[in-house]
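Novice: Let me give you the structure first, and then I'll get to my questions.
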Amino acid sequence: MTPLRITVNGREHVLPAPPETTLLALLREHLGLTGAKLGCDVGDCGACTVLVDGLAVNACLMLAAQADGRSVLTIEGLATPDALHPIQQAFERHAALQCGFCGPGVILSAKALLDANPAPTAAEIREALAGNLCRCTGYAKMITAVHAAAQALHGATDERSPRATPVPRLPLPGGGTGGPR
Amino acid sequence: MRRRGRGIACMWYPIGFTVSANPSAATVKVNEDGTATLLTGTVETGQGSLTVLGQIAAEALGIATEDVHVVSADTDATPMDTGAIASRTTYVTGNAVKLAGERARAILFEAAAPMLGVKPEQLEARDRKIQVRGFPQRSVPIGEAARHALVGKGEPPIGTASFNPPTVAMDPETGQGKPFATYVYATQIAEVEVDDETGEVEVLRIVAAHDCGTPINPMLVEGQVEGGIAMGLGFALQEEILFDAAGRQINPNLTNYIMPTSLDMPEIEVDIVPSYDPTGPFGAKGVGEPTSVPTAAAIANAIYDAVGVRMTALPMTAERVLAAIKAKRAADAPRLAAD
Ligand code: FES
Ligand code: FES
């Protein structure tokens, strides 16, 4: 086994892993980072979302070897010892999560969005979170929280309210369901 | 063509079990630093019940919510709770917590009365103090009262209580009885667009008015309502477990068991109806399950308003709605021809 060289949350790790190891298994089982959740293991739920070189990926679908030489951010790398990340703070303040199982994935999808688009519209937020299934919240407070985080991070103000209506939908069969998961 | 329609649905829903016992118990201990510890057997699953129970204990003791340390769901150490089911935690466990807090408070009043030179009945617990009613400047900090109760009177300020909703069994002859201690009520209105060429239904907006008694934590009530609507919307339009002839589920994945994503959710407006139930803790009832009860019915009524078909099976998938539209056209056609 050729060892993999992967930077996780700013720290470089050199570690051997069998070729079939997914990035999610590497994070959870080899590095003990259990923040990214194992929901479905087949790319349907988004609970395993992490950022690889800044882009949101389903870690259950990516082989660890594909992350060789790259930089991975998990939910554990977001807060500092002093404070939660502004996105996490906004999620807390707006009670955007309930059971929290989807939370690490949702928050990292939100971070990927806000890094690329500092002032997203409600429709852009909905689209960015469409691959993260949540059974508890109905997503409403998450969308509010991502707006609040955008303002905290970038002073971005969107004229439209987070619940702006009507929300445009992706032209997907089934009206969005089965969208970019 | 996309046709728009609105539908309305109302519901009532009971809190707790049907007649059978479903008790909760709680222990509240007031500490000498003025904080309190609440022991409850109920379990937090993200709905925020431990926050609400902490708020109820704080209100009973006149302290702040962050002064209450909640210890929960450890069956080795915490009192009995029937469970986070039947939309019962705020009402049933909340009543037990309130009673336990009031018992601990009564011990504090006994301890503080001689310190303040009044009778215990003249005291109230507010702003982290035990004070004389009408004379708030005559007070002792709650921690000091707790210390005096413990080391002065030898009676630690600990209250334990249980609550089981009072019910009357249904008479099998007359059907009369009182199977539940209290009920909640709600109305939801859905606005939809139905494509009459494909049968596809898009829910644009849902307005939900819920009576939950006193909303102890309005933000958490909103979260419950929004989450319930997401479940109701999935129930209405998307979610269905399919089986083959041998009883095996044929859609066991989230790509074929379709639940709502952020793209499927409509705009939601939550209206918490002002209400007070004298039998609930500080007037509260509950909100959990009822939130998803009227959603599918409101959507079905909105579909009828939009395209004139009565859907009688869930989920109201595009295929089913289109079949109903075609059947209606076929049924209407001879009449049109005859006209
Ligand atoms: S666990 Fe990766 S998408 Fe579900
Ligand atoms: S908060 Fe429970 S799944 Fe999202």
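Please treat every number below as a calculation from the coordinates, not as lab data. Bear in mind the structure is a predicted one, so any value in this text is a computation, not a measurement. Cβ placement follows ideal geometry from the backbone for every residue including glycine, while neighbour counts extend to all protein chains displayed.
Novice: Straight-line reach from B:LYS178: which lysines fall under 18 Å, measuring Cα to Cα and dropping same-chain residues less than 8 apart?
Specialist: Cα-Cα hits under 18 Å: B:LYS285.
Novice: With r defined as the distance between the Cβ atoms of B:GLN122 and B:VAL19 and R0 fixed at 30 Å, what FRET efficiency is calculated, to the nearest 0.05?
Specialist: After rounding, the FRET efficiency stands at 0.15.
Novice: So what is the 222 nm mean residue ellipticity for chain B from helices alone, if each DSSP H run of at least 4 adds -39500 (n - 2.57) and you divide by all residues, rounding to the nearest 500 deg cm²/dmol?
Specialist: Rounded to the nearest 500, the figure is -9500 deg cm²/dmol.
Novice: Related question: Let me have the relative contact order for chain A, percent, based on Cα pairs under 8 Å that are six or more residues apart.
Specialist: Relative CO of chain A lands at 21 percent.
Novice: What's the ranking of B:67-79, A:143-155, B:315-327 by average number of surrounding C-beta atoms within 10 Å, highest first?
Specialist: Most protected by this proxy first, the peptides run A:143-155, B:315-327, B:67-79.
Novice: By average Cβ neighbour count within 10 Å, what is the ranking of B:217-230, B:244-257 from highest down?
Specialist: Taking the mean over residues of other Cβ atoms within 10 Å, the ranking is B:217-230, B:244-257.
Novice: Which of B:MET11, B:MET170, B:MET80 moves most in a GNM of chain B, Cα contacts under 10 Å?
Specialist: Of the options given, B:MET170 has the highest mean-square fluctuation.
Novice: Could you work out the helix-only [θ] at 222 nm for chain A, with each DSSP H run of four or more residues adding -39,500 (n - 2.57) and the total divided by the number of residues, to the nearest 500 deg cm²/dmol? Working shown, then result.
Specialist: Details: 4 runs with 44 residues, N = 181.
Taken over chain A, the calculation gives -7500 deg cm²/dmol.
Novice: Which distance in nm do the two modelled labels at A:GLU29 and B:ASN256 give, with both placed 7 Å along the Cα-to-Cβ direction?
Specialist: 2.7
Novice: With a ≥ b ≥ c the root eigenvalues of the C-alpha gyration tensor of chain A, is it rounded (a/c under 1.5), prolate (a/b larger than b/c) or oblate?
Specialist: prolate
Novice: Still on this structure, please answer the following. Helix B:218-237 against the longest principal axis of chain B: what's the angle in degrees, Cα atoms only, rounded to the nearest 10?
Specialist: 20
Novice: Nearest 5 is fine: what % of DSSP beta bridges in chain B come out antiparallel, could you say?
Specialist: If I count the DSSP bridges inside chain B, around 80 percent turn out antiparallel.
Novice: Using only alpha carbon pairs under 8 Å that are at least six residues apart, calculate the relative contact order of segment B:24-162 and give it in whole percent.
Specialist: Details: 310 pairs, mean separation 45.9, N = 139.
Relative contact order of segment B:24-162: 33 percent.
Novice: Now a separate question. Across the residues of A:136-148, average count of Cβ atoms on other protein chains within 10 Å?
Specialist: Across A:136-148, the average partner-chain Cβ count within 10 Å equals 6.
Novice: Which whole-angstrom value gives the distance between the alpha carbon centres of segment B:1-59 and segment B:76-129?
Specialist: 17
Novice: Still on this structure: What is the angle, in °, between the Cα long axis of helix B:295-307 and the longest principal axis of the Cα atoms in chain B? Nearest 10 is fine, range 0 to 90.
Specialist: 30
Novice: I would also like to ask the following. I want to check the label-to-label distance for B:THR65 and B:VAL151. Put each point 7 Å from Cα in the C-beta direction and report it in nm to one decimal.
Specialist: Spacing of the two 7 Å Cα→Cβ label points: 3.3 nm.
Novice: Sticking with this one: What shape does the protein assembly as shown take by its C-alpha gyration tensor, where a ≥ b ≥ c are the square roots of the eigenvalues and a/c under 1.5 counts as rounded, a/b above b/c as prolate, and the rest as oblate?
Specialist: oblate
Novice: Measure nothing fancy, just the Cα-based angle from helix A:103-116's long axis to the longest principal axis of chain A, in degrees from 0 to 90, nearest 10.
Specialist: The angle comes out at about 80 degrees.
Novice: Next up: Count, for each residue of B:221-233, the Cβ atoms from other chains sitting within 10 Å of its Cβ, then give me the mean as a whole number.
Specialist: Averaged over the peptide's residues, the number is 4.
Novice: Could you tell me whether segment B:24-162 comes out rounded, prolate or oblate from its Cα gyration tensor? Rule is a ≥ b ≥ c as square roots of the eigenvalues, rounded for a/c under 1.5, then prolate if a/b exceeds b/c, otherwise oblate.
Specialist: Judged from the Cα gyration tensor, segment B:24-162 comes out prolate (a/c at least 1.5, a/b above b/c).
Novice: Other chains' Cβ within 10 Å of B:263-272 residues: what's the mean? Could you put the intermediate results ahead of the total?
Specialist: Numbers: counts 19, 10, 10, 6, 9, 4, 3, 1, 0, 0.
Mean partner-chain Cβ count within 10 Å for B:263-272: 6.
Novice: Explain nothing, just the number: relative contact order of segment A:4-77, from Cα pairs under 8 Å at least 6 residues apart, as a whole percent.
Specialist: Details: 139 pairs, mean separation 30.8, N = 74.
Across segment A:4-77, relative contact order equals 42 percent.
Novice: What is the set of long-range amide H partners of B:ASN251 at a cut-off below 5 Å, with H atoms built 1.01 Å from backbone N?
Specialist: Here the answer is B:LEU242, since their amide H atoms fall under 5 Å of that of B:ASN251.
Novice: On to the next question. Cut-off under 17 Å on the C-alpha distance; same-chain residues fewer than 8 positions from B:LYS326 excluded. Which lysines are left, in chain and number order?
Specialist: Candidates past the 8-residue exclusion: nothing left.
Novice: How much net charge surrounds B:MET219 when only the other residues with a Cβ under 12 Å from the Cβ of B:MET219 are counted, with Lys and Arg +1 and Asp and Glu -1?
Specialist: -1
Novice: What list of ³J(HN,Hα) couplings, whole Hz, do you get for segment B:26-32 from phi and the Karplus terms 6.51, -1.76, 1.60, once you set θ to phi - 60° and write x for glycine and proline?
Specialist: 8, 10, 10, 10, 8, 8, 6
Novice: Next question. Considering only the other residues whose Cβ falls under 12 Å of the Cβ of B:LYS328, what net charge follows from Lys and Arg at +1 and Asp and Glu at -1?
Specialist: +2
Novice: Compute a Gaussian network model of chain B, connecting alpha carbons closer than 10 Å, and tell me which residue from B:VAL30, B:VAL168, B:VAL273 fluctuates the most.
Specialist: B:VAL168
Novice: Once you've got the Cα coordinates, tell me which of B:LYS119/B:LYS153; A:LYS37/A:LYS111; A:LYS141/B:LYS98; B:LYS98/B:LYS129 are over 23 Å apart.
Specialist: On the way: B:LYS119/B:LYS153 16 Å; A:LYS37/A:LYS111 17 Å; A:LYS141/B:LYS98 30 Å; B:LYS98/B:LYS129 18 Å.
With Cα atoms farther than 23 Å apart: A:LYS141/B:LYS98.
Novice: List the trypsin sites (Lys or Arg not before Pro) within segment A:15-71 that fall in a DSSP loop (any state other than H, G, I, E or B) and whose Cβ has at most 12 other Cβ atoms within 10 Å.
Specialist: none
Novice: Let me ask you something else. Would you mind getting me the FRET efficiency between A:GLU92 and B:THR174? Use the beta-carbon distance for r and R0 = 56 Å, nearest 0.05. Write down the numbers at each step before the final one.
Specialist: On the way: r = 53 Å, r/R0 = 0.94.
Step by step, r from the Cβ atoms, then E = 0.60.
Novice: Related question: Can you give the longest stretch of chain A with no exposed loop site, where a site means GluC sites (Glu not before Pro) in a DSSP loop (not H, G, I, E or B) with at most 16 other C-beta atoms within 10 Å?
Specialist: That would be A:21-158.
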